[in-house]
Amino acid sequence: MIRFTVDGREFDAEEGQTILQALDAAGVLMDGVDVPHYCWHPKLSIDGSCRLCQVEVEGFSKLQIACDTPVTDRMVVHTTSDRVSAAREGVMELLLLNHPLDCAICDQAGECKLQDYAFAYGVARSRTREPKRAAKKRVDLGPTIVFDQERCILCRRCVRFCREVPGTGELSVFARGDRSMIDVFPGAELDNPYSMNVADLCPVGALTTRDFRFKARVWNLEDVPSVCSGCSNGCNLYMGVASNRIYRHVPRRNDAVNDTWLCDAGRLSYAEVGAAHRLDQALARDAEGMLVARPYREVIDAAAARLRRVVDVKGPGVVAGVASARGTNEDLFTFKRMLDALGTEGAYVALRRGESDELLVKEEKAPNAAGARALGFAEAEQVVERIRGGAVDALVVVGSELLDPGLLGSVDALADLDTLIVIDTHKSDLELVAHAMLPERHAAEQRGTFTNHSGRVQAIAPGVEPGWEAYEAGAVLAHLASALGLASFEGGYDPVGVSKSMARSVAAFEGIDLSTVGEQGIALRSADGGG
């Protein structure tokens, strides 16, 4: 380790780190030690083009760029001297020469680093009398990104990202000198599975995402920390929420999970929360066999009565439960407790599988398959043949994954069941054969934890509330268990309390609950992560 001093404060660094890297690792960069920067990014190669991060290093006659100056033992750095301040003002003045003065209508206003740094480190007025350089407006670089070229400051973050992270390299700098411009190669477009990350990387309003462009002012949004539920990687993100609506997902840094990236599919998955086909009322079959809306408690009681009748007549061995790997650990733990209390050993988990890549996207298209395995759920493939062979008379299903082509494929095998109780966020073909359907909350509407493919337990928090009566799947199952008269379900459902109970009774979750996972998550004591 190397020890160096910045503005009178001592820090430790690893040999080979630059000044910015060492300050970032110490957690003080722009949060205690201000070294403004544009082109540098902790997950990209060093470019050294913007020159804004200049600092004064004792022993050097000239100012040094902190992004590309290695730390040496006993190095002394100054970030607030008059020379540094003058250099920053000069850089800011040059960057603003051709930049439009339209902050009031710019979609980046409120989270623009050029805006912030111009206020903090720039000069009061421009000295140039020349007209600003003309450039393109509202250029469609691809299906997800819109480019306002006149706002670009040529930090080249987007270029390096496309080359270094997805490896697609659609962007480059064309021409030279003051005519340099970012653009796509002729005949190409910016269309890779991670394309929308360039909007996060852009420190100004040059690159914006089509889905969020001019939809909301960022200062009206609350950033709610959560976890993507699109696959088993469990990428960390912020939900941008205003007026009980999610306007966007943006990545949240977690070096153990997703660095600072988010795939486009995960970024756009917020649309599921407000989708038109949400299951927004409790349904039960009437005497004529029609599935009709009924009060939630009536449907719970009717479902419990059907389930109790099957158990009394044929025993618990003909009852099975199929969970969704989209459920939280707390939901799954409650489901397993209910099935155990009922006396059945048929606890299974169904999940969708799809394409994966070498970066973030995993084959398992659910956030909590590893959690289900750790809690004792078997793969749903094992129950499919039992259902088709008539060995199951009553089925409690959370989610619709059981209908995937790799499992049942359709509702045909479920049509002859005596009792089918469905708990889900969205409508599906299960409506054709279900005897009771109960709405549950989406992951964006509830508190709990997910366990990702590597066994890292991470917390989610509610960003919005459903506009109808809906509860967590665990709460619905607890209500059902209570209506069945099962012991220890009378107290209702509290995710925090359930997580503590899970930590006490499941060895893999020992010491892990909602109060201990923190913002970055914590690893299971043992885990079979799978896909």
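Taking the condition of a type in the set (Phe, Trp, Tyr) and open to solvent by 40 Å² or more (accessible area, probe 1.4 Å), does PHE161 pass? Even if it seems obvious, please write down each step before you answer.
Values: of a type in the set (Phe, Trp, Tyr): yes; open to solvent by 40 Å² or more (accessible area, probe 1.4 Å): no.
When the stated conditions are applied, PHE161 does not pass them.
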List every residue pair whose Cβ atoms sit under 6 Å apart, with the two residues 6 or more apart in sequence or on different chains, where the first one lies in region 95-124 and is under 27 Å from ASP82 (Cβ atoms) and the second, anywhere, is hydroxyl-bearing (Ser, Thr, Tyr) and assigned to a loop (DSSP other than H, G, I, E, B).
-> LEU97/THR128
Members of region 144-167 that are in a loop (DSSP other than H, G, I, E, B) and of a type in the set (Asp, Glu) | ASP148
Residue check, ARG326 against (1) assigned to a loop (DSSP other than H, G, I, E, B); (2) farther than 18 Å from GLU445 by Cα; (3) among the charged types (D, E, K, R), all met but one. Which one?
-> (2)
Residue ID - surrounded by the most Cβ atoms within 10 Å (Cβ to Cβ), chosen from residues in region 100-143 that are among the aliphatic types (A, V, I, L, M) and farther than 24 Å from GLY177 by Cβ | ALA109
Within region 341-356, which residues are assigned to a loop (DSSP other than H, G, I, E, B) and open to solvent by 60 Å² or more (accessible area, probe 1.4 Å)?
-> GLU345, ARG352, GLU355, SER356
Could you tell me whether region 209-230 includes any residue that is part of a helix (DSSP H, G or I) and of a type in the set (Gly, Ala, Ser)?
-> no
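Can you tell me which residue among TYR247, TYR238 is touching a Gly at 6+ places or on another chain (Cβ under 8 Å) and of a type in the set (Phe, Trp, Tyr)?
TYR247
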Six or more apart or on different chains, Cβ under 7 Å: which pairs go from a residue in region 426-446 that's under 19 Å from ARG267 (Cα atoms) and at pLDDT 95 or above to one that's part of a strand (DSSP E or B) and of a type in the set (Gly, Ala, Ser)? Could you list them?
-> ALA444/SER226
Residues that are of a type in the set (Asp, Glu) and in contact (Cβ under 8 Å) with a residue 12 or more places away in the chain, drawn from region 346-388 = ASP357, GLU363, GLU364, GLU379, GLU381
Among the residues of region 410-432, write down those that are in a loop (DSSP other than H, G, I, E, B), surrounded by fewer than 24 Cβ atoms within 10 Å (Cβ to Cβ) and under 29 Å from the mean Cα position of the chain (by Cα).
-> LYS427, SER428
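Are any residues in region 88-99 within 28 Å of LEU221 (Cα to Cα) and surrounded by fewer than 20 Cβ atoms within 10 Å (Cβ to Cβ), and if so, which ones?
LEU96
If you check ILE153 against the conditions, is it open to solvent by 20 Å² or more (accessible area, probe 1.4 Å), in contact (Cβ under 8 Å) with a residue 40 or more places away in the chain and over 27 Å from the mean Cα position of the chain (by Cα)?
yes
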Residues of region 48-77 being out of contact with any Gly (no Cβ under 8 Å at 6 or more places or on another chain), open to solvent by 60 Å² or more (accessible area, probe 1.4 Å) and more than 22 Å from CYS152 (Cβ to Cβ), which ones?
-> GLU58, GLY59, PHE60, SER61, LYS62, THR72, ASP73, ARG74
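Given the residues PRO166, PRO186, which is the only one that is farther than 22 Å from ASP102 by Cβ, in contact (Cβ under 8 Å) with a residue 60 or more places away in the chain and open to solvent by 10 Å² or more (accessible area, probe 1.4 Å)?
Details: PRO186 fails: in contact (Cβ under 8 Å) with a residue 60 or more places away in the chain.
Result: PRO166 is the single residue among PRO166, PRO186 that is farther than 22 Å from ASP102 by Cβ, in contact (Cβ under 8 Å) with a residue 60 or more places away in the chain and open to solvent by 10 Å² or more (accessible area, probe 1.4 Å).
In region 268-292, what residues are more than 17 Å from GLU445 (Cα to Cα) and either buried (at least 20 other Cβ atoms within 10 Å of the Cβ) or touching a helix residue (DSSP H, G or I) at 6+ places or on another chain (Cβ under 9 Å) (or both)?
The initial filter retains those residues of region 268-292 that are more than 17 Å from GLU445 (Cα to Cα), namely 282-292.
Within region 268-292, ALA282, LEU283, ALA284, ARG285, LEU291 qualify.
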Those residues of region 300-330 which are open to solvent by 10 Å² or more (accessible area, probe 1.4 Å) and touching a Lys or Arg at 6+ places or on another chain (Cβ under 8 Å), in sequence order | ALA302
Could you tell me whether ALA503 is assigned to a helix (DSSP H, G or I), closer than 18 Å to VAL398 by Cα and modelled with pLDDT of 95 or more?
-> no
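Kindly check whether there is at least one residue in region 374-395 that is touching a His at 6+ places or on another chain (Cβ under 9 Å), open to solvent by less than 10 Å² (accessible area, probe 1.4 Å) and not in a strand (DSSP E or B).
Kept after step one, since they are touching a His at 6+ places or on another chain (Cβ under 9 Å), are these residues of region 374-395: none.
No, region 374-395 contains no residue that is touching a His at 6+ places or on another chain (Cβ under 9 Å), open to solvent by less than 10 Å² (accessible area, probe 1.4 Å) and not in a strand (DSSP E or B).
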Which ones in region 433-443 are among the aliphatic types (A, V, I, L, M) and surrounded by 24 or more Cβ atoms within 10 Å (Cβ to Cβ)?
-> ALA434, ALA436, MET437, LEU438, ALA443
Cβ pairs under 7 Å, 6+ apart, first in region 278-303 and farther than 16 Å from THR419 by Cα, second of a type in the set (S, T, N, Q) and at pLDDT 95 or above | ARG278/THR425; LEU279/THR425; ALA293/GLN281
Contacts under 8 angstrom Cβ, first residue in region 403-423 being without any contact (Cβ under 8 Å) to a residue 12 or more places away in the chain, partner open to solvent by 10 Å² or more (accessible area, probe 1.4 Å), 6 or more apart = GLY409/LEU403
Count, please, the residues in region 444-467 that happen to be open to solvent by less than 10 Å² (accessible area, probe 1.4 Å) and closer than 13 Å to GLY234 by Cα.
-> 8
Could we say that ARG297 is among the basic types (Lys, Arg) and exposed (fewer than 14 other Cβ atoms within 10 Å of the Cβ) here?
-> yes
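In the list SER85, SER45, which residue meets the criterion of being polar (S, T, N, Q), open to solvent by less than 60 Å² (accessible area, probe 1.4 Å) and either more than 22 Å from VAL173 (Cβ to Cβ) or assigned to a helix (DSSP H, G or I) (or both)?
After applying the criteria, what remains is SER85.
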Meets criteria (closer than 13 Å to ARG326 by Cβ and either polar (S, T, N, Q) or in contact with a helix residue (DSSP H, G or I) (Cβ under 6 Å, 6 or more places away or on another chain) (or both)) for VAL411 = no
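The values are calculated or read from the model by the stated rules, or taken from the named source; none is laboratory data. Model, not experiment: these values are computed from the prediction. Glycine also receives a Cβ, built like all others from the backbone with ideal geometry; neighbour counts cover every protein chain displayed. For the accessible areas, the whole protein counts, side chains as well, though only heavy atoms, and no ligand, DNA or RNA atoms are used. Shrake-Rupley method; radii C 1.70, N 1.55, O 1.52, S 1.80 Å.
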